[in-house]
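The values are calculated or read from the model by the stated rules, or taken from the named source; none is laboratory data. Note that the structure is a prediction, hence the values are computed from the model and not measured. Cβ sites come from the backbone with ideal geometry, for glycine too, and all protein chains shown count toward neighbours. Side chains are part of the model used for accessible areas, which takes the heavy atoms of the whole protein and leaves out ligands, DNA and RNA. Shrake-Rupley method; radii C 1.70, N 1.55, O 1.52, S 1.80 Å.
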Amino acid sequence: MTQNQWDDYSSAFGHDDLIAVLSNRRYPGEGRSGRISFVRAVGLNSDNLAFPKQIHSGYVEIASHPGIVPNTDGIISPGGSIVCSIQVADCLPVFFANTESGTVGLVHTGWRGLVSKILPTAVNSILQIGESLRDFSVLIGPSIQACCFEVRDDVIDQFVPAFYKKNSNNRYTVDLQKWAVHQLADSGITRSRVTVIDKCTFCSQDEYHSYRRDRSKSGRMIAIIGWR
């Protein structure tokens with residue numbers, strides 16, 4: 001599933017014309033220009049590209065036009081006419097696809113997004129456009145794992161106890177992937193249709209950018225989903 005400069009998860013959705021990819025550290029671009037060149041590199045039309053101006057929120061937009069989508073962290077494209085993209089560097093890239101209707105989506109899901117229930121919001125957006133959840137497959141890409149994601153007691157009250165454990169007097173490790181899967185299943189996505197890529201961005205220094213590991217020196221991975 002790994003290309004030279006990106007991880008290819010397209011096969012997880014079972015359709016030859018659907019592209020779902022995540023750039024890795026070997027890909028040289030990021031930001032707007034990086035996204036445009038990346039879309040072209042994986043064989044999609046950059047004229048159809050939409051990307052959110054991410055703010056670590058719980059907001060998801062239904063996009064019908066390409067371009068910048070302000071103040072949101074997720075995009076749903078009814079019918080798949082738009083190529084969706086996000087940037088991540090530890091947060092969960094969550095891909096949505098309905099190969100029957102063509103609808104696709106991408107959600108940038110950090111811990112603040114999970115606290116704000118961004119994944120149930122994404123599912124509600126799918127329901128708003130009249131789609132059946134049983135037709136959707138979801139993939140959670142490489143992201144920081146419980147081995148490396150730690151928070152202090154000043155924010156732990158915002159987390160669901162089932163998905164964290166205490167390490168010391170004021171530190172807790174949190175399993176964001178399990179929490180995300182729970183939110184998806186609780187919102188109506190069939191658990192067997194959710195794929196989790198069990199790779200930690202913090203641990204995999206040679207493969208992925210990680211903000212928690214590298215801080216201000218960290219780059220970003222680009223996630224893309226769209227139709228040929």
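A few notes on this one:
- Enumeration of residues in the range 1-39 that are β-branched (Val, Ile, Thr) and assigned to a strand (DSSP E or B): Thr2, Ile19, Val21
- Residue in the range 206-228 that is surrounded by the fewest Cβ atoms within 10 Å (Cβ to Cβ), counting only those that are in contact with a Lys or Arg (Cβ under 8 Å, 6 or more places away or on another chain) and more than 17 Å from Ile36 (Cβ to Cβ): Asp206
- Just one of the listed residues (Ser204, Ser168, Ser137) is touching a Phe, Trp or Tyr at 6+ places or on another chain (Cβ under 6 Å), hydroxyl-bearing (Ser, Thr, Tyr) and over 19 Å from Lys117 (Cβ atoms), and it is Ser137.
- Leading residue by the ranking (nearest to Ser132 (Cα to Cα)) among those in the range 146-193 that are modelled with pLDDT of 95 or more and of a type in the set (Gly, Ala, Ser): Gly188
- Cβ separations smaller than 6 Å between residues 6+ apart or across chains give the following pairs from the range 191-204 residues that are in contact (Cβ under 8 Å) with a residue 60 or more places away in the chain and within 14 Å of Phe149 (Cβ to Cβ) to residues that are open to solvent by less than 70 Å² (accessible area, probe 1.4 Å) and part of a loop (DSSP other than H, G, I, E, B): Thr201/Asp90; Thr201/Pro142; Thr201/Ile144; Thr201/Tyr208; Thr201/Ser210; Phe202/Ile144; Phe202/Cys148; Phe202/Ser210.
- Selection count, the range 28-69, where residues are open to solvent by 50 Å² or more (accessible area, probe 1.4 Å), in contact (Cβ under 8 Å) with a residue 60 or more places away in the chain and aliphatic (A, V, I, L, M): 1
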